[in-house]
Amino acid sequence: MKSAIAEIAQTYGIENWGAGYFSVNAKGNLVVHPAENDNRSVDVKVLIDELVRRRINLPILLRFPQIFANQVRIMNQSFVAAMKEFDYKGQHRAVFPMKVNQRRQVIEAYIEEASKHNYGLECGSKAELYAGIALDQAENSLLVCNGFKDDGFIDLAYIGTQIGKNVVIVIEKLNELPRVIERTQRTGIKPMLGMRVRLYSRGSGRWEKSGGEQSKFGLTTTELLQAIKDLRDAGMIDQLRVLHFHIGSQITQIKRVKNGVKEAARVYAKIRKMGIDVDHLNVGGGAGVDYDGSKTSFESSANYTLQEFANDVVYTIKTVCQEEGVPEPNIITESGRILVAYHAILITNIIDEIETVQGIKNVPFTDNEPQVVNELHDLYKTMTSKNYLEYYHDALEHKEELFTLFDLGYINLEQRAKGEVLFWEVCDKANNFAKLVQYQSEEFDDLRKLLSAKYLCNFSVFRSLPDHWAIDQLFPIVPIHRLNEVPTDTATLVDITCDSDGVIDKFVDLHDIKEVLEVHDLRSGEPYYLGMLLIGAYQEVMGNFHNLFGTTNEAHVTIDGNGEYHISRIIPGSPLSEMLTFAKYEKDFLQEGFRKSLNRQIKKGKLNEEGAAQLIADYDAYYNSYTYLDANGNKREVRD
Ligand SMILES: Cc1ncc(COP(=O)(O)O)c(C=O)c1O
């Protein structure tokens with residue numbers, strides 16, 4: 001039989017999507033393991049308590065570089081095992097796409113592990129390449145340059161080659177090729193070249209459009225043949241070393257992976273048979289993260305493991321090469337999401353609850369209420385398990401009537417308030433009866449959502465979970481404590497931006513999408529913390545500064561051999577000053593504007609010099625404070 005804690009953990013599906021990195025301890029707190037099947041763990045609540053004691057404010061992003069490293073290890077082991085099983089002759093050479101998370105500390109953590117396996121980096125822009133060139137990646141690893149390229153991008157790639165990096169310039173559009181040919185002919189510098197091919201095959205899930213004939217990326221077959229001819233004519237065909245494709249991120253079905261690889265392997269083989277020594281096949285990224293733990297082809301899931309992904313890639317390429325009688329190429333993967341998603345958790349505190357209209361105990365009813373209010377009151381008092389459905393429908397009609405009467409001026413504000421309270425109380429009661437029956441009417445699903453609490457969370461969806469806002473991506477969300485108490489309430493989450501889109505009302509579920517999250521009741525004077533998990537891929541870099549909420553405070557945590565945790569680094573989130581400068585409000589400009597208004601008040605005699613000096617000091621004190629809500633009302637500097 002499952003323990004109570006295990007059952008509560010199951011409510012949130014921790015075991016399903018946690019990949020062995022997350023569990024719940026005997027205290028009912030969420031814990032993080034540095035690797036699957038590793039007994040060492042960090043108690044997240046204890047960690048947050050320590051950070052709060054050290055005056056690091058919520059929201060806090062927790063990074064676990066060991067998890068990132070472990071994912072890199074798992075990928076390496078998966079490919080090594082697959083290549084051994086199928087007696088594959090080529091090597092696996094992974095590159096991490098910087099766009100998935102460019103933060104320096106994240107990339108450095110990657111390079112530390114990646115260097116052990118000769119894994120490298122992928123860049124998709126000049127800025128990423130500029131950084132990539134300067135990073136100390138393993139000597140034998142690749143630096144792959146994808147994306148559309150202008151002269152500057154190509155020049156940077158040549159600079160990279162000159163300083164000894166194994167740069168691969170992937171030709172994304174045919175017009176990039178003459179510029180590459182010109183540079184090599186002029187300088188004699190010979191970077192490796194790749195061609196991105198536009199496959200007929202597509203991925204599956206939200207990013208399906210990245211592949212297929214209508215894709216924005218890659219060369220058509222005609223263009224590919226033209227590019228080969230141009231390289232031959234220029235005497236540079238020996239530089240063509242890589243064939244590249246990418247059919248989309250978060251591919252949910254393994255079948256689609258196999259189809260893409262099969263088609264690309266065939267293209268590779270045909271090029272090989274033209275007497276060209278291409279020796280790498282780059283299968284792009286796309287390995288999916290099982291965000292909801294359902295292990296299905298649902299959009300927030302993936303119906304395969306990393307080992308199955310590696311097996312299918314290796315086996316499919318091997319089979320095609322055998323059929324065509326060509327050598328097996330080295331395999332480049334550009335997986336990002338699957339490597340980095342698990343390592344980051346955002347912890348937010350609940351600031352308050354936004355109430356629906358309820359609270360009958362506080363409403364004084366008299367004998368002179370309007371009829372509509374009396375009728376709602378009767379429904380409330382006499383509802384039973386037998387009539388709740390009928391009474392609920394009656395209440396809906398009475399609510400309409402209530403607002404019509406108010407619009408026509410027949411009832412006053414107090415009477416309207418009483419009617420509203422009664423209506424929601426009737427709904428609540430009906431909902432409780434509905435929960436007891438085996439087959440629930442669908443209309444109560446919507447009602448349940450309406451009756452759920454709204455928890456006001458100290459974070460910005462736009463900054464920290466942009467994919468939830470933009471494309472309905474689901475992320476696991478779990479209280480990090482009190483997991484030994486059955487959560488008795490349900491809630492949707494609202495953020496602190498002034499935007500009605502700043503909500504989370506879709507949650508992971510094994511079989512469906514939940515519209516509400518199971519939560520505990522809020523206790524006065526006690527913090528309630530939620531963790532948003534698996535957010536290490538894309539979220540930080542795609543997040544925007546809506547309402548000028550900046551980056552969050554960040555703590556990097558490792559666990560040593562004795563199971564002790566260490567906060568190895570704290571990176572302060574953006575202070576107001578950073579966000580204001582971003583929006584081009586320079587300090588001088590703001591201070592001048594403030595003083596102008598101040599002087600006007602002094603002139604009018606509404607402020608004296610002393611009061612003005614105090615106001616200047618008060619205003620200045622906020623300049624370096626955190627952009628998020630401070631539960632203690634401090635205007636504390638972020639960089640303390
Ligand atoms: C060319 C290319 N390679 C690799 C990736 C990384 O994909 P993922 O993070 O799904 O592994 C992407 C992202 O879409 C991409 O466009």
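The values are calculated or read from the model by the stated rules, or taken from the named source; none is laboratory data. Note that the coordinates shown come from a computational prediction; the quantities given were computed from them, not determined experimentally. Reconstructed Cβ throughout: ideal geometry from the backbone, glycine too, with neighbour counts over all protein chains shown. Keep in mind that these areas ignore ligands, DNA and RNA; they rest on the heavy atoms of the full protein, side chains included. Shrake-Rupley method; radii C 1.70, N 1.55, O 1.52, S 1.80 Å.
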Under Karplus coefficients 6.51, -1.76 and 1.60, residue-wise ³J(HN,Hα) of segment 318-328 in Hz, glycine/proline x: 4, 4, 5, 5, 5, 4, 8, x, 10, x, 7
Fraction of antiparallel bridges per DSSP, the chain only, in percent to nearest 5: 50 percent
Amide H within-cut-off set for Phe475, under 5 Å, with H built and near neighbours excluded: Val508
Inter-site label distance for Asn608 and Thr404 at 7 Å from Cα along Cβ, in nm: 6.4 nm
Debye intensity ratio I(q)/I(0), log10, segment 1-153, q values 0.12 Å⁻¹ (C-alpha model): -0.71
Solvent accessible area, Å² - Tyr619, 1.4 Å probe, full protein context: 90 Å²
Sites Val363 and Asp428 - FRET efficiency at Förster radius 25 Å, r taken between beta-carbons, to 0.05: 0.95
Rule-of-thumb Rg ratio for segment 408-489 [Cα; 2.2 N^0.38 Å; N residues]: 1.55
Probe 1.4 Å, protein heavy atoms only - accessible area per residue of segment 500-542 in square angstrom: 42 Å²
Gain upon complete extension [His393, Lys255; 0.36 nm per residue less C-alpha separation]: 44.9 nm
Translational D in µm²/s for segment 41-119 (Stokes-Einstein at 37 °C, 0.692 mPa s, Kirkwood Rh from C-alpha pairs): 218 µm²/s
Whole-Hz ³J(HN,Hα) from phi, Karplus 6.51 cos²θ - 1.76 cosθ + 1.60, for segment 383-390, glycine and proline x: 5, 9, 5, 8, 10, 4, 5, 5
Rounded to the nearest 20 debye, dipole of segment 140-198 from Cβ charges on Lys, Arg, Asp, Glu: 160 debye
In segment 415-505, the trypsin sites (Lys or Arg not before Pro) that fall in loop regions by DSSP, at most 12 other Cβ within 10 Å: none
Spin-label model distance (nm) - Met542 vs Gln226, 7 Å beyond Cα toward Cβ: 3.3 nm
Solvent accessible area, Å² - Met542, 1.4 Å probe, full protein context: 110 Å²
Intensity falloff of segment 373-421 expressed as log10 I(q)/I(0), Debye formula with alpha-carbon point scatterers, at q = 0.19, 0.21, 0.24 Å⁻¹: -0.59, -0.69, -0.84
Test item: Cα-centred dipole of the chain, Lys/Arg +1 and Asp/Glu -1 on Cβ, debye: 2460 debye
Förster radius 60 Å - calculated FRET efficiency between Lys190 and Tyr622, Cβ distance, rounded to 0.05: 0.60
Binned Cα-Cα distances of segment 565-610, short to long, each 5 Å bin given as a whole percent: 5, 17, 15, 12, 11, 12, 10, 5, 5, 4, 3, 1
Mean shadow area of segment 338-493, taken as a quarter of the surface of its Cα convex hull (nm²): 13.3 nm²
Sum of -39500 (n - 2.57) over DSSP H runs of 4+, divided by residues of the chain (222 nm, nearest 500): -12500 deg cm²/dmol
From phi via Karplus (6.51, -1.76, 1.60), per-residue ³J(HN,Hα) for segment 564-570 in Hz, x at Gly/Pro: 7, 9, 9, 8, 7, 7, 10
Local net charge near Val32, Cβ-Cβ under 13 Å (Lys/Arg +1, Asp/Glu -1): 0
Charge tally in the Cβ shell below 14 Å around Leu121, where Lys, Arg are +1 and Asp, Glu are -1, Leu121 excluded: -3
Principal semi-axes in Å for segment 265-365 [√(5λ), Cα gyration tensor, largest first]: 53, 14, 11
Cα Rg, Dmax, the chain, angstrom units: 29.6, 99
Alpha-carbon centroids, segment 204-269 and segment 121-172: separation in whole Å: 20 Å
Acute angle (nearest 10 degrees) that the helix 371-382 long axis makes with the longest principal axis of the chain, alpha-carbon atoms: 80 degrees
Centre separation in Å (Cα based) which lies between segment 1-30 and segment 485-564: 17 Å
About the Cα centre, charge dipole magnitude for segment 174-233 (Lys/Arg +1, Asp/Glu -1 at Cβ), debye: 180 debye
q = 0.17, 0.20, 0.21 Å⁻¹: log10 I(q)/I(0) that the Debye formula gives for segment 200-352, counting C-alpha atoms only: -0.97, -1.23, -1.31
Where segment 50-117 is the region considered: accessible area per residue in Å², 1.4 Å probe: 42 Å²
Neighbourhood net charge (12 Å Cβ-Cβ; Lys/Arg +1, Asp/Glu -1) for Val486: -4
Inter-site label distance for Tyr130 and Ala631 at 7 Å from Cα along Cβ, in nm: 4.0 nm
